[in-house]
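Presented below is the structure to which this report refers.
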Amino acid sequence: MKTNGNSTTMENPTEYIRSSIRDITDFPKPGIIFKDITTLLADPKALRLTIDVLANHFKNKKIDFIAAPESRGFIFATPVSYLLNCGVTPIRKPGKLPAKTIEHSYELEYGKDTLCIHEDAFKGIENPQVIIIDDLLATGGSCSATIELVEKAGGTVLGAGFVIELGFLEARKKLAAKGVEVFSILNI
């Protein structure tokens, strides 16, 4: 794989990306091993590879927008949208988007959360084709809510891309049941 702006060819970019992510034990609570991507973000080569791998996976799809859940989805969706020549629509918590929104609430392990999209997020585009880009797929709750929001706003979700997937939580099955293809660089 040849990286953008870099003549270095990497035989296995996945291993380089994996090595750039730091494990933090017992965060945010005992027994959890948190995958800290701040070290990936600090490594220009790892960041570039991550963006390239995500963009390359979706490059043959006709994509109008990338839905980017807050907040780390913003980090990866924007440069991927640049490479794919499409727009980005932010998916935010209530009160964070300035215009009229559509909301969707979903269940968490210990409560409820809500995400929002601008009502006119895809204005002027007939049947917008959308992918979701985020840093992590865990239980699939926020991704499922994002799918619902995109559909309520008139879009069709073609797929979802993640830097890390916590495969043991089996969110991929939940999203497949919604007809959404999942791509992850790292499956843990």
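The values are calculated or read from the model by the stated rules, or taken from the named source; none is laboratory data. As the structure is a computational prediction, the values presented were derived from the model and not from experiment. Note that each Cβ is placed from the backbone with ideal geometry, even for glycine, and that neighbours are counted across all protein chains shown. For the accessible areas, the whole protein counts, side chains as well, though only heavy atoms, and no ligand, DNA or RNA atoms are used. Shrake-Rupley method; radii C 1.70, N 1.55, O 1.52, S 1.80 Å.
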Practice problem: Kindly check whether there is at least one residue in the range 66-83 that is buried (at least 17 other Cβ atoms within 10 Å of the Cβ), in contact (Cβ under 8 Å) with a residue 60 or more places away in the chain, farther than 19 Å from E165 by Cβ and over 11 Å from the mean Cα position of the chain (by Cα). | Solution: no
Quiz prompt | Pairs where the first residue, in the range 42-58, is over 13 Å from I21 (Cβ atoms) and open to solvent by less than 10 Å² (accessible area, probe 1.4 Å) and the second is small (G, A, S) and not in a helix (DSSP H, G or I), C-beta under 8 Å, 6+ apart | solution = L54/G161; F58/G159; F58/G161
Practice problem: Please give the strands (runs of 3 or more DSSP E) falling wholly within the range 92-186 in which 2 or more residues are over 26 Å from A46 (Cα atoms), hydroxyl-bearing (S, T, Y) and open to solvent by less than 60 Å² (accessible area, probe 1.4 Å). | Solution: 101-108
